[in-house]
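A.B. asks: Sharing a structure below in structure tokens format, with a few things to ask.
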Amino acid sequence: MGQEKTSDLQHELETRFLTYALSTIVSRSLPDVRDGLKPIHRRILFAMESMGMNSASKHVKSAKIIGEVLGKYHPHGDASTYESMVRMAQDFSMRYPLVDGKGNFGSMDGDSPAAYRYTEGRLTPITSYLLQDIKKNTVEFRSNYDNTLKEPVVLPSRIPNLLINGSSGIAVGMACSFPSHNLNEVMSALISLIDTPDQTVADLMKHIKGPDFPTGGIILNSKANLQLAYESGLGAIKIRGLWKIESLPRGKKQIILTAIPYSVNKSRLIEKIAEIIIAKKLPALTDVRDESDEKVRVVLEIKSTSDENKLMSYLFKHTELENNFQVNFNCLKPSGEPERLSLLEICQEFLKFRTQVITRRLNYELALIEKRLHLLTAFAIIFNELDQALKLIRSSKSRKEAHEKLQNYFKLDDDQTSSILEIPLYRLVGMEMAKILQEQEEKLAEQKRIQSILASSQKIWDLVREELEEIKKKHGDKRVTQIKTVKRIEYNEEDFIEHEDVHIVLSQNGWIRKLKNLSDPTTLKFKENDQLLDTLQTNTQNLLAMFTSFGTVYVSKVYNLPYARSGFGEPIQSLFKFGDGEKVIGMLALSSAGDGSITPIATGQALLNFSKKNKQKKGDQEFMVVSANGFGFRFPLSNLTETTRSGRKIMGLKDDDNMIGFAPVTHDHVVLASAKGKAVIIPTDEVAQLTGSGKGVILMKPGESNLIGFKFVSLKDKVTLEFSSGDDKVITVKSVRLCKRGSQGVIISKRKAILKIK
């Protein structure tokens, strides 16, 4: 109880969360700017090096490697550790793989790698440059998780791994995303930076043209756009797949995809293209198949008359065949602090690190040489007085006594004396002694050379330059990703729509079907307590407008509506964002050409009944909407354009009101009727026209009742009233007294409730 203490909860949460965040950033998610590795990758490579698994050794079971890493350096899960090793072996994930894998290490199709008991691995030749000189005190070491071993804080990398292989990770409140680059270009940029330190990002880009992804493709960014990303360390790389036309016999042709954007799952890409084919959104494209082996080859079968450029432009827009790679140059500086760096700063940090590594290596080698010269000096002293040395040794009764006599007589230290006592007798012959003297001379020359390098910063930079040129010459290769400006082919999506007559069926509970054939609507089956609301015939090139009780219209291209996958169709809520209790009251097919023409439709329960002869002239067509409380207005057909999934508000309604119908304006008068038997006939001109959404004006006061419908008429017409009892009544329009807009109307049925006007 005496150890209990109180603390502010907010302070404790902030402190502990900050500790967790920093731990995630430093120990897991962000790479080091010097070797371009996260701790997990560094530990895997160091463990493999410790096991002697270089590029010349035989492959070793991945299970053994993972066990070594987990047991000695990385106290985390085996699955994540193996996943990190797998990625370093995938040539489609890394531009220059660091692990030479043997077995199934996954594929571009997203296939999982085989379990680590089945695969094998070893280091690749280029990985040796990451680990070279690690035993020469070139980098700092720290204790492992249980303080039984030492592991490197950073690898003494001779290659700018962060740039040539890239990296990605998500930390707490911070993320990184580095694209890979071409080794030749990066090495050239580093060498130029050594020769001319006061360069800019623009100067470096004379060598580094842009990212070089392992999967190839085309980078579409302009030079100015790339420069901005490299300067700020933030941006996006737009990358597109490669394709070509392959001619077939009889004048046929097919499109071959030879490269897809980096990190895109090839299998999912093909599935998406197949969905477009099945939905007939691209009729010119008839089939897709994957013929890939080591190289990507996806075949797109097309119609011989199709425009392949427009077709590919459509696929670039609607699939991941054109994709963005986000650039975020967040990484750990040598101090351990995370920071977003520019391309120039990354190169400068790497070169600075190389000078530090070389300096430490030279100091280590110099110390070894000086230690060896110290011993060689003792050998030379003994050789000059060999007889006396042998006499002292033979006169001694123990090794300790011999050690003391030699040390005192020849004025040697403990190391020199011990090395003399351990030297084999054959080394005392004249020829062997000559070799010792020659070695002493060579070591002195090497000592002088290293001392001269350490005394000159220019010579250290020359050594850095020499190493970079050697790696460039040995491992440099050509770019696999093109960088060029490609003119975007403009197309009209309606060019790809297959003109096909279809039937749209809508139920009262909001289930919609698109059918190719419908001979008799009465044969349609519906869910329990559901029935037909409306059905119409249209064409896939047209628009479909659906009006709802909430005064909203949802307009979609007919070809975007899915064909019915089940007997009852699809719920309308899965296609659009409906509100609670919102219901469709009717639908309308419109010409997608926007010329104001209306496709002939068949009416079911919807309050629409017009024919071609009643249409107004092109551009003059108007519609009218009416609410249950008697409000309404006219609006132009141009309001019915394609909407988003959320639709567009047409009529503003109060909470106790709802929209009951819509109709095209076809005559000079309109008759409105209430459920309790009253009707109003008013001139169409008295109905206000609105160009946007609104409440409208009061057309009829239904009193305690509500409006059940309306119909446009001329004074010579007749209308049919359908009563709730099931029988009908036909009345002539001129028999009903004309009223002013906003009146309660005249009684046309005293005893029976009106259901609708026909």
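Read the figures in this text as sums done on the coordinates, not as results from a lab. Fair warning: this is a prediction, and the values are worked out from it, not measured in the lab. Positions of Cβ are generated from backbone atoms using ideal geometry, with glycine treated the same way; all protein chains shown enter the neighbour counts.
A.B. asks: With an 8 Å Cα cut-off and a minimum separation of 6 or more residues, compute the relative contact order for segment 70-189 in percent.
C.D. replies: Computed over segment 70-189, the figure is 19 percent.
A.B. asks: Here's a follow-up. For Lys411, give me every one of the lysines with a C-alpha distance below 29 angstrom, ignoring sequence neighbours fewer than eight places off in its own chain.
C.D. replies: Lys371, Lys391, Lys397, Lys400, Lys435, Lys443, Lys448
A.B. asks: Enumerate the lysines that Lys695 could reach by cross-link, defined here as Cα to Cα under 17 Å, with residues fewer than 8 away along the same chain left out.
C.D. replies: Filter leaves Lys649, Lys654.
A.B. asks: Mind running the shape call on segment 37-156? Use the C-alpha gyration tensor, a ≥ b ≥ c as the square roots of the eigenvalues: rounded below 1.5 for a/c, prolate if a/b tops b/c, oblate otherwise.
C.D. replies: Judged from the Cα gyration tensor, segment 37-156 comes out prolate (a/c at least 1.5, a/b above b/c).
A.B. asks: A further question on this structure: Taking θ as phi - 60°, what are the ³J(HN,Hα) couplings along segment 102-107 by the Karplus curve (6.51, -1.76, 1.60), each to the nearest whole Hz, with x for Gly and Pro?
C.D. replies: Rounded to whole hertz, the list is 10, x, 7, 10, x, 8.
A.B. asks: Check each of the trypsin sites (Lys or Arg not before Pro) in segment 88-127 and keep only those in coil by DSSP with at most 13 other C-beta atoms within 10 angstrom; list them in order.
C.D. replies: Answer by residue number: Arg117.
A.B. asks: Relative contact order for segment 282-353: what percent, with Cα pairs under 8 Å and sequence separation of 6 or more?
C.D. replies: With pairs under 8 Å counted, the relative contact order is 17 percent.
A.B. asks: Given R₀ = 35 Å, FRET efficiency for Asn408-Gln447 by Cβ-Cβ distance, to 0.05?
C.D. replies: Approximately 0.75, to the nearest 0.05.
A.B. asks: Specify the inter-centroid distance of segment 152-186 and segment 38-113, based on alpha-carbon positions, in whole Å.
C.D. replies: Comparing the Cα centres of segment 152-186 and segment 38-113, I get a distance of 17 Å.
A.B. asks: Next question. So how far apart, in nm, are the two label points at Thr485 and Glu432 if each is 7 Å from Cα heading toward Cβ?
C.D. replies: Computed distance between label sites Thr485 and Glu432 equals 7.7 nm.
A.B. asks: For segment 619-758, what is the percent of antiparallel DSSP beta bridges, rounded to the nearest 5?
C.D. replies: In segment 619-758, DSSP labels about 95 percent of beta bridges as antiparallel.
A.B. asks: What are the ³J(HN,Hα) values, in whole Hz, obtained from phi via the Karplus relation 6.51 cos²θ - 1.76 cosθ + 1.60 with θ = phi - 60°, for each residue of segment 329-340 in sequence order, with x given for Gly and Pro?
C.D. replies: Using θ = phi - 60°, the values come out as 8, 7, 7, 8, 6, x, 6, x, 8, x, 7, 8 Hz.
A.B. asks: Round to a whole angstrom and tell me the spacing of the C-alpha centers of segment 381-415 and segment 632-665.
C.D. replies: That distance is 112 Å.
A.B. asks: Follow-up. Put a dot 7 Å past each Cα toward the Cβ at His59 and His318; how far apart are the dots in nm?
C.D. replies: So the two model labels end up 4.2 nm from each other.
A.B. asks: Neighbouring Cβ atoms within 10 Å as the yardstick, rank Met85, Met174, Met205 fewest first.
C.D. replies: Met174, Met205, Met85
A.B. asks: How large is the helix-only mean residue ellipticity at 222 nm for the chain, computed as the sum of -39500 (n - 2.57) over DSSP H runs with n ≥ 4, divided by its residue count, in deg cm²/dmol to the nearest 500?
C.D. replies: Result for the chain, helices only: -9500 deg cm²/dmol.
A.B. asks: So for Trp243, Trp461, fewest C-beta neighbours within 10 Å to most, what's the order?
C.D. replies: By the 10 Å Cβ count, ascending: Trp461, Trp243.
A.B. asks: For percent of Cα pairs over 44 Å apart, the listed values are (1) 46; (2) 54; (3) 17; which was obtained by calculation from the structure presented?
C.D. replies: For percent of Cα pairs over 44 Å apart, the calculated option is (2).
A.B. asks: On to the next question. List the GluC sites (Glu not before Pro) in segment 462-496 that DSSP assigns to loop (not H, G, I, E or B) and whose Cβ has at most 14 other Cβ atoms within 10 Å. Which are they?
C.D. replies: Glu490
A.B. asks: Mind ordering 537-546, 193-202, 60-69 by average Cβ neighbours within 10 Å, highest first?
C.D. replies: Listed from highest to lowest mean packing, they are 537-546, 60-69, 193-202.
A.B. asks: Beta carbons within 10 angstrom, averaged per residue: use that to sort the peptides 630-637, 366-373, 315-322, highest first.
C.D. replies: 630-637, 315-322, 366-373
A.B. asks: Is the shape of segment 242-320 rounded, prolate or oblate, going by the alpha carbon gyration tensor and its root eigenvalues a ≥ b ≥ c, with a/c under 1.5 for rounded and a/b larger than b/c for prolate?
C.D. replies: It is oblate, given that a/c is not under 1.5 and a/b is not larger than b/c.
A.B. asks: Based only on other Cβ atoms within 10 Å, what is the fewest-to-most ordering of Glu401, Glu345?
C.D. replies: Exposure proxy ranking, most exposed first: Glu401, Glu345.
A.B. asks: Helix hunt in the chain: which complete DSSP H runs extend at least 24 Å axially by C-alpha with mean Kyte-Doolittle at least -1.0?
C.D. replies: For the chain, where a helix must reach 24 Å along its axis and average at least -1.0, the hits are 343-384, 430-454.
A.B. asks: Show which lysines lie in cross-link reach of Lys729 when reach means a straight Cα distance below 21 angstrom and same-chain residues fewer than eight apart are skipped.
C.D. replies: Lys676, Lys678, Lys711, Lys716, Lys718, Lys750, Lys752, Lys756, Lys758
A.B. asks: What per residue convex hull volume, in Å³, comes out for segment 36-91 when only alpha-carbon positions are used?
C.D. replies: 86 Å³
A.B. asks: List the trypsin sites (Lys or Arg not before Pro) in segment 446-554 that DSSP assigns to loop (not H, G, I, E or B) and whose Cβ has at most 15 other Cβ atoms within 10 Å. Which are they?
C.D. replies: Those satisfying the criteria are Lys478, Lys484, Lys487, Arg488, Lys516, Lys525, Lys527.
A.B. asks: Between Ser456 and Ile170, what length comes free when the chain is fully extended (0.36 nm per residue of separation minus the Cα-Cα distance, one decimal in nm)?
C.D. replies: Gain on stretching Ser456 to Ile170: 98.8 nm.
A.B. asks: For segment 112-197, which semi-axes, largest first and in whole Å, follow from the square roots of 5 times the eigenvalues of its Cα gyration tensor?
C.D. replies: After scaling each eigenvalue by five and taking roots: 26, 21, 17 Å.
A.B. asks: Given H placed on each backbone N at 1.01 Å, which residues far from Glu622 in sequence or on other chains put an amide H within less than 5 Å of it?
C.D. replies: HN-HN under 5 Å from Glu622: Val665.
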